[in-house]
Amino acid sequence: MVEMAPVASSEGVTISCPVDGMFSFYNSPYPAHRQSSGVDVYPDTGFGGMAPSPVSGEVTLIRRVRSPRGRNYNASEYDVVTLLRSRESPDKVVKLLHVDPTLSVGDEVRAGGELGRLLRSGYYGFATSPHVHVEVREPSDPLRARGGHRMERLIDVGRVEPLEELRGVVNLCSPEFSIVRLETPTYGLPTKVGGVPGVIDGGIPYYGWMGVHFDSGKPEGGAVELMGHPIATIGAIHDRVCLADCTDFSVKVEGEPILGLSLRLSPRRGAEVKLVPMRLGGLALEEGSEVSVQVESV
């Protein structure tokens with residue numbers, strides 16, 4: 001069993017993430033994320049690696065679906081939809097995507113138990129990391145892209161201190177992306193949203209929008225700021241989270257333009273920033289080096 005941390009809940013169903021993994025509610029263009037009804041759980045392993053189940057339940061359906069060709073990468077020819085009847089809320093089903101299960105219909109699994117192999121779906125961008133997509137749904141409507149129940153975050157974002165600069169040490173480099181680790185007491189990249197401290201969740205600016213999580217206070221509107229720069233305009237405001245539309249801004253690493261920042265949350269304190277290049281192999285960094293990230297209005 002993999003050690004897991006509860007990170008989200010919906011309709012009495014608890015969604016857990018490996019303690020050494022990442023999770024995100026809004027780092028995707030998929031409709032469920034814009035509607036706050038999906039969460040992606042990222043185990044700390046590569047494509048083809050074993051994914052632990054984020055929920056407990058009984059497998060009721062496994063369906064292979066055709067996957068498009070990958071854009072500039074080798075994708076799986078298929079994706080898989082897996083449905084589980086929730087152990088906690090038996091009148092709800094959990095939809096899982098992007099995993100080829102090692103289970104069969106009728107099998108039961110607990111959160112942290114072996115679920116299956118992580119697929120590189122053709123629906124991904126070239127920089128998308130392996131993950132399990134999770135939705136909680138009604139048994140009468142389990143498969144559509146829309147219609148899941150709203151997700152609620154369980155962990156606090158931590159003590160948020162505004163960033164004067166975005167600087168950190170590169171701890172992973174690949175042609176698809178580089179990872180910079182920040183020493184911060186929060187669970188994500190610190191920001192201010194309508195003057196309220198929070199952390200960003202999303203792919204910015206390339207998805208065009210983001211989520212911002214906060215613990216206390218409630219923004220009444222205004223801007224999302226990163227290092228003092230306005231980067232988004234607040235839209236919908238919910239309990240401890242808001243959605244915001246990106247303004248025109250660009251991101252550079254040591255003066256070199258990149259596509260943007262892929263921002264997720266961690267079950268453990270410390271923010272991780274994924275730097276996404278304009279193209280495969282388009283960002284030449286060295287592991288162990290310190291880099292600076294700049295945000296500029298267009």
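The values are calculated or read from the model by the stated rules, or taken from the named source; none is laboratory data. All values derive from a computational prediction rather than experimental measurement. Cβ placement follows ideal geometry from the backbone for every residue including glycine, while neighbour counts extend to all protein chains displayed.
Give the residues of the stretch 234-255 that are surrounded by 15 or more Cβ atoms within 10 Å (Cβ to Cβ) and charged (D, E, K, R), sorted by residue number. Break it down stepwise before answering.
Of all residues in the stretch 234-255, those surrounded by 15 or more Cβ atoms within 10 Å (Cβ to Cβ) come to 234, 237, 240-244, 246-247, 249, 251, 253.
Passing the criteria: only ARG240.
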Worksheet entry | Matching residues, the stretch 46-55, being part of a loop (DSSP other than H, G, I, E, B) and either of a type in the set (A, V, I, L, M, F, W, C) or out of contact with any strand residue (DSSP E or B) (no Cβ under 7 Å at 6 or more places or on another chain) (or both) | GLY46, PHE47, VAL55
Worksheet item: So which of VAL105, VAL81 is surrounded by fewer than 20 Cβ atoms within 10 Å (Cβ to Cβ), in the same structural domain as ARG146 (by TED's automatic domain parsing), touching a residue at least 24 places away in the same chain (Cβ under 8 Å) and assigned to a strand (DSSP E or B)?
Response: VAL81
Worksheet item: For ARG71, all conditions in the list (1) assigned to a strand (DSSP E or B); (2) farther than 15 Å from TYR30 by Cα; (3) not small (Gly, Ala, Ser) hold save one; what is the number of the exception?
Response: (1)
Item to complete: From the list SER178, SER216, pick out the single residue that is buried (at least 20 other Cβ atoms within 10 Å of the Cβ) and hydroxyl-bearing (Ser, Thr, Tyr).
Response: SER178
Practice prompt. Hey, could you check the stretch 6-31 for residues that are at pLDDT below 95 and under 12 Å from the mean Cα position of the chain (by Cα) and say which is nearest to LYS92 (Cα to Cα)?
Written response: TYR30
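Can you tell me which residue within the stretch 182-213, out of those that are part of a strand (DSSP E or B) and free of Cβ contacts under 8 Å to residues at least 60 places away in the same chain, is surrounded by the fewest Cβ atoms within 10 Å (Cβ to Cβ)? Even if it seems obvious, please write down each step before you answer.
In the first step, residues of the stretch 182-213 are kept if they are part of a strand (DSSP E or B); the result is 182, 186, 189-193, 196-204, 209-213.
After this cut, where a residue has to be free of Cβ contacts under 8 Å to residues at least 60 places away in the same chain as well, the list is 191-193, 196-198, 204, 212.
On the way: THR191: 26, LYS192: 22, VAL193: 28, VAL196: 18, PRO197: 20, GLY198: 27, ILE204: 28, VAL212: 29.
Per the stated criteria, the residue is VAL196.
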Worksheet entry | Flag if GLU88 is surrounded by 18 or more Cβ atoms within 10 Å (Cβ to Cβ), touching a residue at least 24 places away in the same chain (Cβ under 8 Å), within 21 Å of MET4 (Cα to Cα) and acidic (Asp, Glu) | no
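Only one of GLY46, GLY38 is out of contact with any Phe, Trp or Tyr (no Cβ under 8 Å at 6 or more places or on another chain) and either crowded, with 17+ Cβ neighbours inside 10 Å or modelled with pLDDT of 95 or more (or both); which? Please lay out each step first, then the result.
Details: GLY38 fails: out of contact with any Phe, Trp or Tyr (no Cβ under 8 Å at 6 or more places or on another chain).
Step by step, each of GLY46, GLY38 is checked, and only GLY46 is out of contact with any Phe, Trp or Tyr (no Cβ under 8 Å at 6 or more places or on another chain) and either crowded, with 17+ Cβ neighbours inside 10 Å or modelled with pLDDT of 95 or more (or both).
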